[in-house]
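Below is one structure, written out as C-alpha cells; comments come after it.
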C-alpha cells in the first residue's frame, strides 16, 4: 500500500514514474528512486505516515483557489481559473500601463474572458488580488524582426572567450566582440550567436564552463572591456599601478586560456579601476549612471554582489564555497547576519556591483555596434539550462530551486551510464508559488542587451531528468514543468524586447514539443549531421522551415573535424570509447561521409571529382544556405575550416574544453580569403533561397 501511495505522491508532484527510453522501451522509476527524489523536493516519505502527511500537504496546497500570485493567459483566449470557481463572481482587471479598467463576471464555466492587451495586469477576482500575464500567442519571427525585408537570413556563432585582440590579457572580451560583429555585418550577417556570458564565481576561477554558471541573472565580469567604458587612460593607469602589463602580455601569448591566471589578473585590474572610480576625491562622470544601474538592479543585484563577497570571505577563512555548508544565518539572504556582513564589507559588495555595471554597459555597446553596422537582430544570447547549486542564483532564490537535485540525462545508446551535468534547476511548484518571479527576471536579464535568445536544452521547459545528490543518473526521473505557462511568458517577454527566440530541441524530444515551439514562432534547431533518413541525408528542400539550420554546435565536431573523424579520435584519447568502438564508429563515419557527398552531388553543389575537405565544406555551407530555414547559423569553426570542437562532453576532461583561442585577431578573422569566400557563398545562397521561395 505504501508503494501505491508513494507513486500517487510522485505523480502528483509531477514525476513521471513510467517513461520511454531513447530506444522506445518502457522504463519505470523504482520506489527507492522515488523516495530519494521526493525527499530532495521537500516531501518526507520514509514511512507510510510521512507519505500520507505529504500527500495531505500537497492536496491542501492544490485545493487553494489560486495556485500562486500570477496567472498566465494567452491573448484573446478565456482562462479557466484553478480551483472551484462559480459562475458570476465579479472581477476587475487594471491594465499595466494605462488607466483602463475592465470589469465583469466569470462566465458559466467560471472563466475569465479573453483580454487583448499584452502585459502584467492587476486582477481582482472575488476577494483575491493577483497579477494576470496576458501573453501573445507567439514570439516575433524572422520576417517581423527584419521588417519584412527578408525571410531567409544568416548569422555566425562564436565562443566569446575564444576571440582575440591585442591587449586583451588572454581572454576574449566585448571589444573583440564589437570588432567581430562589425565585420560580420559587413559580410551580410544579420545575427551573431554567443556562448553563454552568465555570471561565474570570482572566488572560484577554476569554475569556467559557461554552461555551469553561478547565476543566469548577471554576467561574467571577466569579459568586460573596461577601457571602452572607463577610458583607455584609466585602463592603462590600472594596469601600470598593479604591474599587470607583463602578466597581460604573458597570458595573451597562450594558445589556450589559463582561466585561473586570467581571472586573477583581470580582477586585480577591475579592483584598481574601482579604487580610482570611487576615491578620486570628486564624483566620477559615470557615477550617476552607476548609481542608476544599482537602483534598477534592486534586490537581485544586491543579493548577487553580497553572495560574491560572502563566498570569497568564507573561502579566505578556510570554509566551504558551498553556501549550504555555511552557518545557518548566512544561508538566508534576508537574515540580519547577512545584512551586518554587507554593511561591514560595503566596499567589497559595491565593487562587485561596479564590475556588473561595466559588463552590462559593455554588452550594450556590443549590441549597439551590431545594429549600428546593419544587423537587424544582432547578438543572440545563450541561456544555460541550469545553474550551479553552490552559486548565487540558487542561494538568493532558494524557494524556486531544487538545489539537492542535479540535472542530467538518462542512459541512452551513446551514454550508457547516463549523464549528470552537476547543475540545479527550477522547482515547478516553487515557480508557481512565487508567481514565476525567478523565470521572468531571468528572461529579462538575458534579453536586456541582445536581439535574440537561444534556450539550451529547451526540452527543460517541458521536463527535466533530475538526479538525487550522490545517486547514479539511472536513478533519476523526469520531472514535468508547466510548459504552457513558461512558453507563454517567453512569448510575452520576447515581444516586449522584440527578440528572436531559439529553442535547442536536440536529443530525446517529448512528443509534440517541437510542434509547440513552431506554433509559438520559437525556432527549433536542425544540425547537418543529424538530418539523415533511411536512404541518406535529407534533401535541402525537405528541411524544416520552422527551425534554424546549422552545421554543428559547441558539443559537436566541426564539418572538417567530422569529415576527418577527429571527434572519434578525441573520444578515444579521452577514454570515452574503446578501440573496438572507435573502429566501428569510424567505419560508420565513412558511410555517412559518402552519403553526404552523394547528397551534395545530387543537389548540384559538388562535382563527383571534388573530394578535398575545402570543397566539401564549401558545398555544405551552400547546402545549408539553400534550406527553407529562416535562419542559418555558421559557427566560426566552419567559417575558418577548423577541425577542433569547443567542448567534448564526457566524464574525463582531457580535452581543452572552453579554452581554445583563435590565433587571428577578431578584426581580421573574417577577412581571411577562404573565410570571406565562404561567407560570400552563404550570403549568395540565402539570396538564392529568398528569390526561389
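Of 641, 650, 625, all but one fail to be closer than 20 Å to residue 531 by Cα and in contact (Cβ under 8 Å) with a residue 24 or more places away in the chain; the exception is 625.
Here 155, 169 are screened, and the one residue that is touching a strand residue (DSSP E or B) at 6+ places or on another chain (Cβ under 6 Å) and buried (at least 19 other Cβ atoms within 10 Å of the Cβ) is 155. Look at (1) within 30 Å of residue 4 (Cβ to Cβ); (2) at pLDDT below 90; (3) part of a loop (DSSP other than H, G, I, E, B) and you find that residue 45 fails only one, number (2). Of the helices (runs of 4 or more DSSP H) lying entirely inside the stretch 364-464, those containing at least 1 residues that are in contact (Cβ under 8 Å) with a residue 12 or more places away in the chain, closer than 24 Å to residue 500 by Cβ and touching a strand residue (DSSP E or B) at 6+ places or on another chain (Cβ under 8 Å) are 437-447. Of all the residues in the stretch 225-252, those that are more than 24 Å from residue 364 (Cβ to Cβ), in contact (Cβ under 8 Å) with a residue 24 or more places away in the chain and not in a helix (DSSP H, G or I) number 2. All conditions in (1) at pLDDT below 90; (2) assigned to a helix (DSSP H, G or I); (3) loosely packed, with under 14 Cβ neighbours inside 10 Å hold for residue 57, with the sole exception of (3). Counting only helices (runs of 4 or more DSSP H) that fall entirely inside the stretch 603-693 and contain at least 1 residues that are farther than 23 Å from residue 194 by Cα and in contact with a helix residue (DSSP H, G or I) (Cβ under 7 Å, 6 or more places away or on another chain), the qualifying elements are 613-625, 673-691.
Loosely packed, with under 14 Cβ neighbours inside 10 Å and either out of contact with any helix residue (DSSP H, G or I) (no Cβ under 9 Å at 6 or more places or on another chain) or assigned to a helix (DSSP H, G or I) (or both) - does that describe any residue in the stretch 302-317? Yes, the stretch 302-317 contains a residue that is loosely packed, with under 14 Cβ neighbours inside 10 Å and either out of contact with any helix residue (DSSP H, G or I) (no Cβ under 9 Å at 6 or more places or on another chain) or assigned to a helix (DSSP H, G or I) (or both). Of all the listed residues (387, 381, 369, 409), the sole one being surrounded by fewer than 24 Cβ atoms within 10 Å (Cβ to Cβ), modelled with pLDDT of 95 or more and in contact with a helix residue (DSSP H, G or I) (Cβ under 8 Å, 6 or more places away or on another chain) is 369. Scan the stretch 436-493 for residues that are modelled with pLDDT under 95 and more than 23 Å from residue 405 (Cα to Cα) and the total you get is 0. No other residue among 212, 225, 195, 202 is out of contact with any helix residue (DSSP H, G or I) (no Cβ under 9 Å at 6 or more places or on another chain) and either surrounded by 15 or more Cβ atoms within 10 Å (Cβ to Cβ) or modelled with pLDDT of 95 or more (or both) apart from 212. Pairs linking a residue in the stretch 19-41 that is without any contact (Cβ under 8 Å) to a residue 40 or more places away in the chain to a residue that is in a helix (DSSP H, G or I), with Cβ atoms under 6 Å and 6 or more positions apart or on different chains, are 31/3; 31/6. Does any residue of the stretch 517-524 turn out to be outside any loop (DSSP other than H, G, I, E, B), surrounded by fewer than 20 Cβ atoms within 10 Å (Cβ to Cβ) and in contact with a strand residue (DSSP E or B) (Cβ under 9 Å, 6 or more places away or on another chain)? Yes: the stretch 517-524 contains one or more residues that are outside any loop (DSSP other than H, G, I, E, B), surrounded by fewer than 20 Cβ atoms within 10 Å (Cβ to Cβ) and in contact with a strand residue (DSSP E or B) (Cβ under 9 Å, 6 or more places away or on another chain). Exactly one residue among 511, 539 is at pLDDT 95 or above and either buried (at least 20 other Cβ atoms within 10 Å of the Cβ) or out of contact with any strand residue (DSSP E or B) (no Cβ under 7 Å at 6 or more places or on another chain) (or both), and that residue is 539. Any residue in the stretch 285-294 that is in contact with a helix residue (DSSP H, G or I) (Cβ under 8 Å, 6 or more places away or on another chain), more than 19 Å from residue 387 (Cβ to Cβ), at pLDDT 95 or above and exposed (fewer than 12 other Cβ atoms within 10 Å of the Cβ)? No: zero hits.
The values are calculated or read from the model by the stated rules, or taken from the named source; none is laboratory data. Small disclaimer: the values here were computed from a predicted structure and weren't measured. So basically every Cβ, Gly included, is an ideal-geometry build from the backbone, and we count neighbours across all protein chains shown.
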